[in-house]
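Novice: Handing you a structure now.
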Number of protein chains: 2
Amino acid sequence: MQNINLPIIDLKQACVKAAHEVIAEKGIEHLSLRDVARKLGVSHQAPYRHYASKDHLLAAVIARCFRDFASFLDARQHFEDPEEDLAAMGGQYIAYAMQHPLEYRLMFGSTWPDTASNSELIRDAVHSFNILRNVLARMHGNSEAALINIDLDAMFIWSNMHGLVTIMQSDAMQYLDLVPHVKNNVPKHVFDMICVAMKSRLSK
Amino acid sequence: MQNINLPIIDLKQACVKAAHEVIAEKGIEHLSLRDVARKLGVSHQAPYRHYASKDHLLAAVIARCFRDFASFLDARQHFEDPEEDLAAMGGQYIAYAMQHPLEYRLMFGSTWPDTASNSELIRDAVHSFNILRNVLARMHGNSEAALINIDLDAMFIWSNMHGLVTIMQSDAMQYLDLVPHVKNNVPKHVFDMICVAMKSRLSK
DNA sequence: TATTTTAGTTGACACTGTCAACAATATTAA
DNA sequence: TTAATATTGTTGACAGTGTCAACTAAAATA
């Protein structure tokens, strides 16, 4: 469990990894710096050389999730047809959330710790949003009016994706007595509804 | 700040109220039973007579939010036309989330504490969902197939509403550099898109 | 080589949730 | 009425937490 004998090469990086593991084991509300230190076989104050507080370390963990998330979205299959591309991105968004529920909750579920070093966290978060903006730009064009519609549609689609995965992962879900067919087809149905709404919008 | 001299009539109820206030002041992650006790001018162990643990008290606070939320939805303006009624409910949902961001986060943002006494919490949560189901039932009818469509649409609409308010309240929102016109029109746009999707669905 | 910076240590402090033992008051049984 | 019991509070302790302060050793720099 502990690496008591191996020296830590890069403690700063190791702290992020260990903190991530502790959260995975005990939940974010039970993350403790002393647990992190113990896991790394180092004194309880050692992490403070690299992070000013527990929240600063937590921010680093979340920032790392955002980088992974953005590169996951970037790594999707790309299509010439913007509508197809949008669908691919939606699928990738859902896939990430399903494969990494913990990381998704860290990014979008918990409130970010208010530390100064959030700047990179924010940059990575906005980058993800811009990926969505770019796809929509290919559908709407680049006129002045288009820019507004891009952001409105981006918010609509993001709301949908985010709401969908949040609810499907939430405690509430299991108490709703949904028949299996409904449960399995919710993502597809939401996708279809978005498509219908977007199509009617672009045809105008 | 403290009611040192006034005796507490109903400590159990007072604990819920005080805990709610502490959360409002310091955030859910800084809720402390000892703070609650101090606020009520009782010993740090007094709350344990009524709640087995901190999580049990927290569950009671969240349950209370769900009751308020459900009665807020019920208290909306009702319409004969189911489509109009659905719109009214959407508006009411958003209104609650905007007026009570903290309570909304408690219900849907944080993971519920896993205590046995969640049963009433769950009942109230499901009740809210059933309000939505009932409105949709008036649009879809009561056939076997309709029941499935009701739940699929309910999930779609709920995803949308939930995603919308979550994102608008999230930290991410302020860093996206949205022009004011976009910011102000996001709820209306999302509403319109839902309407379009639902109309095309019902006409089939 | 002398000095300063970096990266780690140990020890202390106030705070937390919760267990145990005790006291007083209210309820119930005899 | 009196005795037994249950309810609702109290104080004190314990292990665990985040973080401040003072110290040490090694590395980088002058």
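Novice: Could you work out the local net charge near A:Leu33, counting Lys and Arg as +1, Asp and Glu as -1, over the other residues with Cβ closer than 11 Å to its Cβ?
Specialist: +2
Novice: Accessible area of chain A with a 1.4 Å probe: how many percent of it is carbon plus sulfur?
Specialist: Of the solvent-accessible surface of chain A, carbon and sulfur hold 53 percent.
Novice: Right, here's the next one. Along the charge dipole of the stretch B:1-114, which of B:Met89, B:Phe72, B:Ile62 sits closest to the positive end, that is, farthest toward it, with unit charges on the beta carbon of Lys, Arg, Asp and Glu (+1, +1, -1, -1)?
Specialist: Of the listed residues, the answer is B:Ile62.
Novice: Relative contact order, percent, of chain A when contacts are C-alpha pairs under 8 Å separated by at least 6 residues?
Specialist: Once divided by the residue count of chain A, the mean separation gives 18 percent.
Novice: Explain nothing, just the number: dipole magnitude of chain A about its Cα centre with +1 on each Lys and Arg Cβ and -1 on each Asp and Glu Cβ, in debye rounded to the nearest 20.
Specialist: Numbers: 20 positive and 23 negative charges, 106 e Å.
In total the dipole reaches around 500 debye.
Novice: Counting protein heavy atoms only and a 1.4 angstrom probe, how many square angstrom of accessible surface do chains B and A bury in total, to the nearest 100?
Specialist: Chains B and A together bury roughly 4000 Å² of accessible area.
Novice: Could you work out [θ]222 nm for chain B from helices alone, using -39500 (n - 2.57) per DSSP H run of at least four and dividing by all its residues? Round to the nearest 500 deg cm²/dmol.
Specialist: The per-residue figure over chain B is -22500 deg cm²/dmol.
Novice: Please compute the average number of Cβ atoms from other chains found within 10 Å of each residue's Cβ in peptide B:120-127.
Specialist: 2
Novice: To the nearest whole number, what is the average tally of beta carbon atoms from other chains within 10 Å of the beta carbons of peptide A:191-198?
Specialist: 5
Novice: Taking the Cα centre of the protein assembly as shown as origin, work out the dipole magnitude from +1 charges on Lys and Arg Cβ and -1 charges on Asp and Glu Cβ, in debye rounded to 20.
Specialist: Dipole about the Cα centre, nearest 20: 1000 debye.
Novice: Shifting gears a bit: With a 1.4 Å probe and all protein chains left in place, how much accessible area per residue does the stretch A:63-202 have, in Å²?
Specialist: Counting only protein heavy atoms, the per-residue value for the stretch A:63-202 is 44 Å².
Novice: Identify, among A:Asn134, B:Ala19, B:Ile150, the residue whose Cα sits farthest towards the positive end of the charge dipole of the protein assembly as shown, taking +1 on the Cβ of Lys and Arg and -1 on the Cβ of Asp and Glu, with the dipole about the Cα centre.
Specialist: After comparing all options, I get B:Ala19.
Novice: List the pairs from A:Lys12/A:Lys39; A:Lys26/B:Lys39; A:Lys17/A:Lys54; A:Lys39/B:Lys26; B:Lys26/B:Lys54; A:Lys54/B:Lys12 whose alpha-carbon separation is above 22 Å, in the order I gave them.
Specialist: Working: A:Lys12/A:Lys39 14 Å; A:Lys26/B:Lys39 30 Å; A:Lys17/A:Lys54 14 Å; A:Lys39/B:Lys26 30 Å; B:Lys26/B:Lys54 16 Å; A:Lys54/B:Lys12 34 Å.
With Cα atoms farther than 22 Å apart: A:Lys26/B:Lys39; A:Lys39/B:Lys26; A:Lys54/B:Lys12.
Novice: Additional query: Roll a 1.4 Å probe over the protein heavy atoms and report the accessible area of B:Met173 in Å², nearest 10.
Specialist: 10
Novice: Where does each of A:Asp10, A:Asp85 land when they are ordered by accessible area, with a 1.4 Å probe and the largest first?
Specialist: On the way: A:Asp10 80, A:Asp85 0 Å².
So, going from the largest accessible area down, we get A:Asp10, A:Asp85.
The values are calculated or read from the model by the stated rules, or taken from the named source; none is laboratory data. Being a predicted model, the structure only gives us computed values, none of them experimental. Backbone-built Cβ (ideal geometry, glycine too); neighbour counts: all protein chains shown. For the accessible areas, the whole protein counts, side chains as well, though only heavy atoms, and no ligand, DNA or RNA atoms are used. Shrake-Rupley method; radii C 1.70, N 1.55, O 1.52, S 1.80 Å.
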